[in-house]
Amino acid sequence: VFLFCSQNENRRKSNKNLELHTSPAYIYYLKKSSRGYIMMSLLNRFKTAFGLLLWIVCWADLFYTFYELQEGQSPPPIYFITPLVLGITMLLATFLIQYERLHGVQSSGVLFIFWFLSVLCAIVPFRSKILKASSQVRLRFTSFYFYFGLILLELILCCLNEKPPLFSNVVTDPNPCPETTAGFLSTVTFWWFTSLAIKGYKMPLEAKDLWSLNQRDSSKTMVPKLLKEWEKEQTKVKRYEFKSCGAKGPLSGS
């Protein structure tokens, strides 16, 4: 039983360690690709509040373990390590919720994957703790299901989109492409394209049914980037040809 519980806890810790190791690169990416900031909304407040509650729940387990140690018991090391790592990770996730808001992220793929993996890793302990409820410590039993409910709520809230960033460009296009405002789930599943696909299945599409081209996909944006890369490649080729001619020069002269 102890081995089984340790394996489940290790799965949960591996998910948290993944976030701890990848968060510096993600924070750097957000800093370099800021889109402006989003005003604090009710959705953002709920996500932040649930994140702080998760931090409190995790560290409540840690303090209870210290209490058991003070009472003369010998709790296994996993009861110290797991809530400590979970608490730090939940605090980091809460920080990312606010950091993403300050950098204009309306739908977070990183946090969605994190909350999804957290729920996935907690499913097996969810069942096992119910089956062994009579032998569970009441506080840890209660805190785990409180924890499970909160991460499930975070996953659901993460599927919802935040408001557009403040001072963002006003869309005046009468038929804009919905891809730019689609959430993470809608983007990865191409759900934003479903309405047009259904309409095209029912009747032939006309020019007025098609969405306008995104600014990032227009030739005005793409051609300068292409020319910049083309000039880089031309410079590389000329440099290579110059080196080749220089290397052949002495041989041909001899």
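Laboratory data are not the source of any read-out in this text; all were calculated from the coordinates shown. A quick note: this is a predicted structure, and the numbers were derived from the prediction, not measured. No Cβ is skipped: glycine too gets one built from the backbone with ideal geometry, and neighbour counts run over all protein chains shown.
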### Message
Please rank Glu229, Glu68, Glu100, fewest neighbouring Cβ atoms within 10 Å first, as an exposure proxy.
### Response
Glu229, Glu68, Glu100
#### Entry: Dimensions in Å of the chain - Rg and Dmax from alpha carbons
26.6, 94
### Task
Scan the chain and note any complete DSSP helix (H) whose C-alpha atoms cover at least 20 Å along its axis and whose Kyte-Doolittle average is 1.6 or more.
109-131
### Query
Hey, fewest Cβ within 10 Å first, where do Lys163, Lys129, Lys32 land in order?
Lys32, Lys163, Lys129
### Message
Give the separation of the Cα centroids, the stretch 67-112 to the stretch 126-162, in Å.
### Response
14 Å
## Note on the structure
Flagged as over-length at 25 Å C-alpha distance, from Lys31/Lys225; Lys32/Lys220; Lys163/Lys199, the pairs are Lys163/Lys199
